[in-house]
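Remarks on the structure that follows.
The values are calculated or read from the model by the stated rules, or taken from the named source; none is laboratory data. Fair warning: this is a prediction, and the values are worked out from it, not measured in the lab. Cβ coordinates were reconstructed from backbone atoms using ideal geometry, including for glycine residues, and neighbour counts include every protein chain displayed.
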Amino acid sequence: MRTFIALCLLACVAGISAQCECKTMKWAVCDGTPCTCTLLVDAGTKQPVNCTTLIPKCFLMKAEMYRARNNLATRSIGGKPVETAFVDNDGIYDPECEANGQFKAVQCNGTETCWCVNSAGVRRSDKGDKNIKCEPVETYWVRLELKHKEAATALDETKLRTAVQNAVLDRYNIPKDFVREVEYDKDSRLIVVDVKKNIGQDRDIDLSRMAYYMEKDVKILPIFKSQTPLELSVEGNKVGLENILVYYVDEKAPTFTMKSLTGGVIAVIVVVVLAVVIGLLVLFFLRKRERAQFQKTQQREMAPMSQ
Ligand SMILES: *[C@@H]1O[C@H](CO)[C@@H](O)[C@H](O)[C@H]1NC(C)=O
Ligand SMILES: *[C@@H]1O[C@H](CO)[C@@H](O)[C@H](O)[C@H]1NC(C)=O
């Protein structure tokens, strides 16, 4: 009887400690009754987190920067849906977060250079100084370009749509009707998914968290406690993903200048300018030689006359 009670107690303790864990963040530390969890976002800064939902991206980025600074393990096709869509070319920085986990509209990465970000923390302006003026702007639409791994059988577009909707709901808690559009190209294995809120509405749905968790799921490792990989279940067949590109569309167009001047275009411009300069120099020297020769012939013609 005594062993039975002891066993019961053990099971109980095991049960409680198993419950006190953070399902949505593997780096969070949980303790106490009631169970509370915190995430280390800076030396000595323990950010309390609510592990019944995805953790705000701003807190996750801070934690990621902190881990990168301290050498703790972290990380390392298609087209724009609309002209105003943009990708995150800057990558990780150390963000300033509001108490509720939202990104502050101005971000400086701890330097004198600052810029404006959207609700997903992605830069939407040119870089400026500390006095830059930014307003909060919501990202209401993300386009996910997913490349799936080789599958045994060809995938059906309609079935794929259902699979994506199920995965996004189960894993990231985004209601199915926000998955508006799913397109599929079987030759490139590309699945293009548009997850879209209504402009000015659905403020309780945070697309940036979904996108961040998903990027980790596809590119590195899940940041969920459970390391179950993200897979699409198409008619009972599990399909893994091997690449992801995220486009962001804000309620207001971004204010970048020269945003079409990507590296390639700049290289072309430099080459053209160099060619023009070299061309002009060649012309200049040719002219100079011609003139010199002309003067020589003139001198020769004039010489006999003066005699
Ligand atoms: C955690 O999030 C859930 C779901 O959004 C919410 O119902 C709950 O009140 C939150 N808990 C705390 C302690 O904020
Ligand atoms: C932010 O600063 C860190 C170094 O502290 C640097 O590695 C990173 O590239 C910076 N990010 C941006 C977007 O400026």
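Residues that are more than 16 Å from ligand 1 (Cβ to nearest atom): which strands (runs of 3 or more DSSP E) entirely in segment 16-69 hold 3 or more of them? Give the derivation first.
On the way: elements: 29-31, 36-42, 45-49.
Result: 36-42.
Check Ile191, Ile174 and return the single one that is touching a helix residue (DSSP H, G or I) at 6+ places or on another chain (Cβ under 7 Å), farther than 21 Å from Ile92 by Cα and not in a strand (DSSP E or B).
That would be Ile174, the only listed residue that is touching a helix residue (DSSP H, G or I) at 6+ places or on another chain (Cβ under 7 Å), farther than 21 Å from Ile92 by Cα and not in a strand (DSSP E or B).
Please go through segment 131-150 and give me each residue that is surrounded by fewer than 17 Cβ atoms within 10 Å (Cβ to Cβ) and within 16 Å of Pro95 (Cβ to Cβ), ordered by number.
Pro136
With loosely packed, with under 15 Cβ neighbours inside 10 Å and at pLDDT below 95 as the only criterion, which of Leu221, Leu190 stands out?
So the residue among Leu221, Leu190 that is loosely packed, with under 15 Cβ neighbours inside 10 Å and at pLDDT below 95 is Leu221.
Go through segment 29-69 and give me each residue that's buried (at least 16 other Cβ atoms within 10 Å of the Cβ), away from ligand 2 (no atom under 16 Å from the Cβ) and under 26 Å from Asp90 (Cβ atoms).
Leu39, Leu40, Gln47, Val49, Leu54, Ile55, Pro56, Phe59
Can you find, within segment 97-110, the residue that is nearest to ligand 1 (Cβ to nearest atom) among those that are closer than 15 Å to Ile132 by Cα and in a loop (DSSP other than H, G, I, E, B)?
Result: Lys104.
With the checklist (1) of a type in the set (Phe, Trp, Tyr); (2) in a helix (DSSP H, G or I); (3) at pLDDT 65 or above in hand, flag the one item Phe4 doesn't pass.
Failed condition: (3).
When you go through (1) hydrophobic (A, V, I, L, M, F, W, C); (2) closer than 19 Å to Asp206 by Cα; (3) not in a loop (DSSP other than H, G, I, E, B) one by one for Val182, which number turns out not to apply?
With (1) hydrophobic (A, V, I, L, M, F, W, C); (2) closer than 19 Å to Asp206 by Cα; (3) not in a loop (DSSP other than H, G, I, E, B) applied to Val182, the lone miss is (2).
Quick check on segment 202-223. Is at least one of its residues in a loop (DSSP other than H, G, I, E, B), in contact with a Gly (Cβ under 9 Å, 6 or more places away or on another chain), closer than 18 Å to Arg171 by Cβ and hydrophobic (A, V, I, L, M, F, W, C)?
no
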